[in-house]
Structures are given as structure tokens and as C-alpha cells.
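Below is one structure, written out as C-alpha cells; the observations come after it.
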Amino acid sequence: MDKKISFNEYQIEAYKLISEEGKKDLILNGVLGLAGESGECCDIVKKAKFQGHELNKEHLKDELGDVLWYIAETCSGLGLTLEEVARFNLNKLHKRYPSGFKKEESINRKEKEYID
């Protein structure tokens, strides 16, 4: 089995694999790649849900890895680490849902709330 790695170790390794052209605009290349790969994830689930295909978990795992790669690239373009973004997101969600997700809190929450 492969050695476990942290988000930041992943991001460092992923950066080494970005094309020179992609490195010219990490944010644009990252978000466009993210949109494409996320769409591929959606397509796999759509085919399973509505077109009679079996859910291909290995294919979905592969595409989720591509999503992660483009998230790492976008973070690099923003000068952020994946760990910073993960921690920010968890802090936001814990603030929003201190006792866990509740439908009522989701429906009645403020549209935009950012934590410094």
C-alpha cells in the first residue's frame, strides 16, 4: 500500500505535474479543469441514476482524483494550501451547523457568510 500523504504533500507533488502552459495562469487552468472534471463525475452518476448503468466506483474515483488535482492547482494559483482551504471550509461549516446539519438552518441561513 502506498504511503499516506497530507493535502500539502499532495499539492506539492501535483504542482510538479502541471504543464508549462498551465503554469502561466494556474487559476484559470485550475477552474476550467475543475469544471470539466466535475462534469465527468456528474455524468458517471447521471448514467447510473437515469440511464441504467451500474455505478462505476473506480471510474468515479479516477475522476474525483482529477477534481482534487485541479483544486490543488487553483489553490497554488491563489497562494493557498489545500490544508488552509480544508480548515477554512470545516470552520465555516462548524459555525453554520454547530450541532450538525439541520435542514431548517440550511433553509434560513444567510446567503453569503465568510469567516476571516
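The values are calculated or read from the model by the stated rules, or taken from the named source; none is laboratory data. Quick caveat, the model's predicted, so the values are computed rather than measured. Heads up, the Cβs are rebuilt from the backbone with ideal geometry, glycines too, and the neighbour counts pull from every protein chain shown. Keep in mind that these areas ignore ligands, DNA and RNA; they rest on the heavy atoms of the full protein, side chains included. Shrake-Rupley method; radii C 1.70, N 1.55, O 1.52, S 1.80 Å.
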With all protein chains present, how much of the accessible area of the chain (probe radius 1.4 Å) comes from carbon and sulfur, to the nearest whole percent? 58
For the pair Leu93 and Lys57, how long in nm is the line joining their label points, each one 7 Å along Cα→Cβ? 2.0
The chain: relative contact order in percent, alpha carbon pairs under 8 Å with at least 6 residues between: 32
Just checking my list (1) -0.71, -0.77, -0.95; (2) -0.73, -0.81, -1.05; (3) -0.90, -0.98, -1.12 against log10 I(q)/I(0) by the Debye sum over Cα atoms at q = 0.15, 0.16, 0.19 Å⁻¹ computed from this structure; which label fits? (3)
Suppose only helical runs count, i.e. DSSP H with n ≥ 4. What mean residue ellipticity at 222 nm does that imply for the chain under -39500 (n - 2.57) per run, divided by all residues and rounded to the nearest 500 deg cm²/dmol? -22000 deg cm²/dmol
Segment 36-45 - phi-based ³J(HN,Hα) in whole Hz, Karplus 6.51/-1.76/1.60, Gly and Pro as x: x, 5, 5, x, 5, 4, 4, 5, 4, 5
Tabulate in residue order the Karplus-calculated ³J(HN,Hα) for segment 54-64, using 6.51 cos²θ - 1.76 cosθ + 1.60 with θ = phi - 60°, rounded to whole Hz; enter x for Gly and Pro. 6, 5, 8, 5, 5, 5, 5, 4, 4, 5, 4
In Å², and per residue, what accessible area does the chain have when probed at 1.4 Å with the other protein chains present? 77
Whole-Hz couplings from phi, Karplus 6.51/-1.76/1.60, listed for segment 18-28; x for Gly and Pro: 6, 5, 4, 5, x, 5, 5, 8, 4, 5, 5
